[in-house]
Amino acid sequence: MKRIVILISGRGSNMQAIVQQCAERRWPAKVVAVISNRPDAKGLAYARERGIETAVVDHKAYGTREAFDAALAAVVDACEPDLVVLAGFMRILGTAFVQRYEGRLLNIHPSLLPAFPGLHTHRRALDAGCKLVGATVHFVTPELDHGPIVLQSAVPVLPGDDEDALASRVLATEHVIYPLAVRWFVEDRLAIEHGIVRQLDGASQVLM
Ligand code: NHR
Ligand code: GAR
């Protein structure tokens, strides 16, 4: 059984999708903890209801990013994870943290990377006149939103779309691709070769 730790900052709908599929589809894995940097993250209540251990490491309690990262790493390490999943986690992590979990740290970013790394992706895609937008699951590397790509989804931009409309169309696909990517990881179906992810069964790594 692989041990999964999920880091959140808010609603946690991606976390919920992963928790549900892990339990219902009998993955060889268990979500052992959900950790938030925000004490008021809505997703914590869901995890508690499901009997999953929760913890809060409040970034506001630490004087430096390095001190926060070290405190977070201590809590994560105590869970002995095989995989750490960022699911709407909103703090940039330093090199020491990222290297500690290299090859077992995943993120979902709400854009078709390498377009629009960072924040406000839907606004920037609208401003650029993009006709397709989407989401990307990637391994985390020290450079923000630049790690090896595992899986992507693409959806159209429709006339009259605003940021909220785009965000919810993309989010619906996140709930499909993130659980799938995590399942591939826990079933040992992913390899990283020269910075490129290969799905060992040859499954399609894009959802349209
Ligand atoms: N850390 C590293 N090193 N590499 C990545 O690829 C990371 C990461 C930490 C988080 C998620 C992310 C995203 O998918 C993620 C990927 C937060 C920010 C940000 O600017 C940017 C990207 C991501 C998460 N955060 C502000 C900060 O100063 C705080 C914003 C807030 O609290 O609302 O850390 O896009
Ligand atoms: C998701 O759309 C996720 O891709 C995005 O925030 C949302 C979190 O929703 N992540 C980022 O923007 C990271 N910078 P959730 O909390 O319901 O999973």
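Out of 73, 55, 61, one residue alone is within 16 Å of ligand 1 (Cβ to nearest atom) and free of Cβ contacts under 8 Å to residues at least 24 places away in the same chain. It is 61. Checked across the stretch 186-200, the condition of being touching a helix residue (DSSP H, G or I) at 6+ places or on another chain (Cβ under 6 Å) and in contact (Cβ under 8 Å) with a residue 40 or more places away in the chain holds for at least one residue.
Residue by residue, here is whether (1) surrounded by 14 or more Cβ atoms within 10 Å (Cβ to Cβ); (2) within 26 Å of residue 1 (Cβ to Cβ); (3) within 16 Å of ligand 2 (Cβ to nearest atom) holds:
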position	(1), (2), (3)
51	no, yes, no
55	yes, yes, no
88	yes, yes, yes
105	yes, yes, yes
111	yes, no, yes
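Within the option set 93, 72, 126, 132, being buried (at least 18 other Cβ atoms within 10 Å of the Cβ) and under 30 Å from residue 166 (Cβ atoms) holds for one residue only, 93.
Take residues that are more than 19 Å from the chain's Cα centre (by Cα) and hydroxyl-bearing (Ser, Thr, Tyr) and tell me which of the helices (runs of 4 or more DSSP H) falling wholly in the stretch 28-117 contain 2 or more.
Values: elements: 43-49, 65-78, 95-100.
Per the criteria, no element qualifies.
Taking first residues from the stretch 105-125 that are on the phi < 0 side of the Ramachandran plot and partners that are near ligand 2 (Cβ under 8 Å from one of its atoms) and polar (S, T, N, Q), the Cβ contacts under 7 Å between residues at least 6 apart in sequence or on separate chains come to 108/14; 110/121; 111/121. Taking the criterion of being free of Cβ contacts under 8 Å to residues at least 40 places away in the same chain and either polar (S, T, N, Q) or out of contact with any strand residue (DSSP E or B) (no Cβ under 7 Å at 6 or more places or on another chain) (or both), the residues of the stretch 165-185 that qualify are 165, 168, 172, 173.
All of the numbers you see were taken from the coordinates with simple rules; none came from a lab. The structure presented is a predicted model; accordingly, all values stated were derived computationally and were not measured. Note that we place each Cβ from the backbone using ideal geometry, even for glycine, and neighbour counts take in every protein chain shown.
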